[in-house]
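Any read-out appearing in this document is the output of simple, stated calculations on the displayed coordinates, not a laboratory observation. From a predicted model like this one, the values you see are computed outputs, not experimental measurements. Heads up, the Cβs are rebuilt from the backbone with ideal geometry, glycines too, and the neighbour counts pull from every protein chain shown.
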Amino acid sequence: MVTFNLLLNAVVSGILLGGFYAAVTIGITIAFGMLDIVNIAHPVFIVMGSFIAYLVNRMFGVDPIVTVIVASPLFFLLGVAIFRFYHAAFEGSGRGSLRGLAFFFGMLFVIEVTLLLAFGVDYRLVRTTYIGPNVGFAHIDLPLRMVMPFVGSIALVSGLHIFFGHTFVGRAIMAVAQDEFALSLMAVDTVAIRQLAFGIAIATAAIAGGFLIVIQPVEPSLGREYIGRVFAICVLGGMGSIPGTVIAAFILGVVETMTSTLWGPSWAPAVSFAALLLTLAVRPSGIMGR
Amino acid sequence: MSKHGIRQNHGKRALSPELSFDDNPIKGTRLTRRLFGRGFMTISALAACRALRASSALAAEPIKIGFGMAQSGPLGGNGKAALLAIEMWRDNINARGGLLGRPVQLIYYDDQTNPALIPGIYSKLFDIDKVDLVLGGYGTAVQAAALPIVMQRKQLLIGTGAVAVNDRYNYDKYFQMLPNGSTARTSTSEGFFQAAMTMEPKPKTVAIVGALTEFSHNVILGARENAEKFGLKIVYDSGYPPNQVEFGSIIRSIQAADPEVVFVASYPPDSAGVIRAAYEQKLQTRMFGGAMIGLQYAELKQQLGPMMNDVLSYEFYVPAPTTNFPGIKEFLAAYQERAKTAGADLLGFYLPPYAYAGMEILEKAVTATKGLEADAIGRYIHETTFDTVVGKVSFAANGDWAKPRLLYVQYRGIVGNDLDQFKEVGKQVIVEPQEFASGTLHYPFAASSH
């Protein structure tokens, strides 16, 4: 029987889940939404972050979220290196983004196989003090395993929102997203700005990887499960809007858990994507799209 | 030196000194009967040598056994462990002189747990690699994809593990090694429901939930039939998509339905998600578990640790006085040693003994029929009861085990995350089937877990 408490908990669970979805999507919002780079390999970078968190947790017992925050500068440098190669091979030589898509598709497999060789095929989990305990108040259950990634995710997207809106470099990235050609006419090195933005996108993948392994066990090919979901959230949010991404992630999360509670989890993907189509029909540019 | 001279010089160097043109013993001599006899004997000896070389080459021609096996993807962990067991059999048989006196060569490809890759893999095995025998990989979906191709070639297929794949084909040369029994759809969950009915008072309600995949769907269909058979009312019945992340809302909905028994048919990441959510939500029910793939893996056992206490799930093997099959301890000791370097499951309780037993059966059938003829091997396997490392095995008409032997095991007294505790007798208590029971069901679920 569906009760008010059940619905309330479903909404809360959806918001917690949406927070996690926002973290895994924010990198796509930057790369795909702002820079027009179809980084289909983004989820596998997230899984890579998860495995680094796993390794450090297993060897030294360090908290996975702390590990990925520390590792994120390395991911930033990795993102910069990948962008340089991508730019030289595809963008710089005037080849279409379709070839770039093939490049990232290939990268997805290369990273997957590398993870397979390094970590094997088993599902990996981490141990932390907040996996298992539950906090509750006023008939609401809050599993810490979902709360911690949610808090981390909100901090991440808030930080990025402030960075993009209130710093010189952030505004430059937004300007590149808006009109790269106009910026280049003002003698701005747009490639350097795009490179920086792509590095940030990959750095967010590391942090999302820490959240992922707290929520569920990971194996090297898990990233594929997230490809459709992250691009859907990015499009629903308005392609390049950070607040839009967060709202879209919350919508998807809440729709999933509400559907799960009211009609059963088997309907959740259908209802979620129906909501996506409906929103796009009413507002083709997405929730916060311009 | 003239051009002609160079040619002559080359010609000399090309021949052995004994047979150089200058030293030719036949040069200028008449062909006598003795010379003819010597020549004939030499030619005969050379021919005999060539024939001997050819026959020994034929004897050394390996028997090629081909298969697709998940080495990546959701079931890659299982596939890797099964592959190690099959490789152990290959090493053993080659050390014993081979199969039919020929070495065994394994040709395998990673099917990535993806049934879409199966037609390509098996076509290559048959047409390019020219394998003599084929095996089936692990997983219902991949074996379901492989079986029609094998049927088309009229070949034999011994599958590592699948549920109800041959039900709609009834192919007489298909066998699969998991002990689900010939009515796999219902027998996979039967032990669970039998265990439930040992509770006093007997339960009246059940919740059924599982992943929307081939395996789980089959199991759920069987679970519904069993619920009806045992007179249990289904108060919650739902599937979830394979990429489900959040299980809290599912557990909460189950709790709202207030079932006495909760049956879950899940894949590895879901099993971890469901157990964690049940633990976090403090699920109040009398019995919780089901056909949960993943709980058999060393990694998940170790990581979930005490959260598994009181969960009732199926296993294929656990250490118990009732499962002391001849050769199993030696096999597992050898497997566990090799698994450390192979990166395979460290315990090897789940698939490896059954994958190895499948190869033992194939070996015995090929040896007994003295050939690789699929019809003869198939007939022999159907007619024979085999002694293997997993005990006595015989097959039903549909290629499943004639008698199901899925062990429903309750995890008890798991403390911390030490893997070695799972090697101890008593931490995984067999409650069904009664023939192998090493203890009785502990209930209610919530009391001891939280």
**OP:** With springs connecting C-alpha atoms under 10 Å apart, model chain B as a Gaussian network and identify which of B:PRO203, B:PRO74, B:PRO241 has the largest mean-square fluctuation.
**Re:** B:PRO241
Original post:
Just from its helices, what would the mean residue ellipticity at 222 nm be for chain A, if runs of 4 or more DSSP H residues each count -39500 (n - 2.57) and the sum is divided by every residue, rounded to the nearest 500 deg cm²/dmol?
Top reply: -24500 deg cm²/dmol
**OP:** Give me the compactness ratio for chain B, meaning the Cα radius of gyration over 2.2 N^0.38 Å.
**Re:** 1.32
**OP:** Please tell me the relative contact order of chain B in percent, rounded to the nearest whole number, where contacts are Cα pairs under 8 Å and at least six residues apart.
**Re:** 17
Subject >> Whole-number percent relative contact order across the stretch A:93-147, with pairs defined as alpha carbons under 8 Å at least 6 apart >> reply: 19
Subject >> Per-residue HN-Hα couplings for the stretch A:176-187 [Karplus 6.51, -1.76, 1.60; θ = phi - 60°; Hz; x = Gly/Pro] >> reply: 4, 5, 6, 7, 5, 5, 4, 5, 5, 5, 9, 6
**OP:** Could you check which residue among A:ALA274, A:ALA182, A:ALA138 shows the biggest mean-square fluctuation in a GNM of chain A with a 10 Å Cα cutoff?
**Re:** A:ALA138
Subject >> Cβ-based charge dipole, the protein assembly as shown, positive-most Cα from A:VAL2, B:MET199, B:ILE220 >> reply: B:ILE220
**OP:** Pick out, from B:THR369, B:MET151, B:GLN255, the residue whose Cα sits farthest towards the positive end of the charge dipole of chain B, with +1 on the Cβ of Lys and Arg and -1 on the Cβ of Asp and Glu.
**Re:** B:THR369
Original post:
For the protein assembly as shown, what is Rg from Cα atoms divided by 2.2 N^0.38 Å, rounded to two decimals?
Top reply: 1.17
Subject >> Charged-residue dipole, Cβ positions (Lys, Arg, Asp, Glu), the stretch A:193-290 about Cα centre, Debye nearest 20 >> reply: 340
Subject >> the stretch B:88-188 - Kirkwood radius from inverse mean 1/r over Cα pairs (Å) >> reply: 14.5
Original post:
For B:274-287, what's the mean count of beta carbons from other chains sitting within 10 Å of each residue's beta carbon?
Top reply: 3
**OP:** Tell me the trypsin sites (Lys or Arg not before Pro) within the stretch A:23-106 that lie in a loop according to DSSP and have at most 13 other beta-carbon atoms within 10 Å.
**Re:** A:ARG95
**OP:** Report the trypsin sites (Lys or Arg not before Pro) located in the stretch B:61-140 that are in a DSSP loop and have at most 15 other Cβ atoms inside 10 Å of their Cβ, or state none.
**Re:** B:ARG96, B:LYS130
Original post:
Taking the Cα centre of the protein assembly as shown as the origin and placing charges on Cβ (Lys, Arg +1; Asp, Glu -1), which of A:ALA192, B:ILE121, A:ILE37 is farthest toward the positive end of the dipole?
Top reply: B:ILE121
Original post:
In whole percent, what relative contact order does the stretch A:4-282 give with Cα contacts below 8 Å and a gap of six or more residues?
Top reply: 41
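For the stretch B:370-433, which GluC sites (Glu not before Pro) pass both filters: DSSP loop (anything but H, G, I, E, B) and at most 14 other C-beta atoms within 10 Å?
B:GLU373, B:GLU424
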Original post:
When we measure straight from the Cα of B:LYS173, which lysines land under 23 angstrom away, once same-chain ones fewer than 8 places off are left out?
Top reply: B:LYS64, B:LYS124, B:LYS130, B:LYS154, B:LYS364, B:LYS370, B:LYS392, B:LYS403
Original post:
What residue among B:GLN143, B:GLN244, B:GLN255 has the largest mean-square fluctuation in a Gaussian network model of chain B, using Cα springs under 10 Å?
Top reply: B:GLN244
**OP:** Calculate the length of the line joining the C-alpha centroid of the stretch B:190-220 to that of the stretch B:386-400, in whole Å.
**Re:** 26
**OP:** State the Cα centre-to-centre distance between the stretch B:259-308 and the stretch A:187-251 in whole Å.
**Re:** 30
Subject >> Alpha carbon centroid spacing (whole Å) that separates the stretch B:97-167 from the stretch A:5-33 >> reply: 42
Original post:
Hey, what do the phi angles of the stretch B:248-254 turn into as Karplus ³J(HN,Hα) couplings, whole Hz, using 6.51/-1.76/1.60 and θ = phi - 60°, x for Gly and Pro?
Top reply: x, 5, 5, 4, 5, 5, 5
Original post:
For the stretch B:270-282, in order, what is each residue's ³J(HN,Hα) by Karplus, 6.51 cos²θ - 1.76 cosθ + 1.60 with θ = phi - 60°, in whole Hz (x at glycine and Pro)?
Top reply: 5, 4, 5, x, 5, 5, 4, 5, 4, 5, 5, 7, 6
**OP:** Please get the size of the charge dipole for chain B, origin at its Cα centre, with Cβ charges of +1 on Lys and Arg and -1 on Asp and Glu, quoted in debye to the nearest 20.
**Re:** 2480
Original post:
Please state the equivalent ellipsoid semi-axes for the stretch A:4-282: what are the square roots of 5 times the Cα gyration tensor eigenvalues, largest first, in whole Å?
Top reply: 31, 23, 18
Original post:
Given only helices, namely DSSP H runs of n ≥ 4 each adding -39500 (n - 2.57), what is the per-residue ellipticity at 222 nm of chain B, to the nearest 500 deg cm²/dmol?
Top reply: -13500 deg cm²/dmol
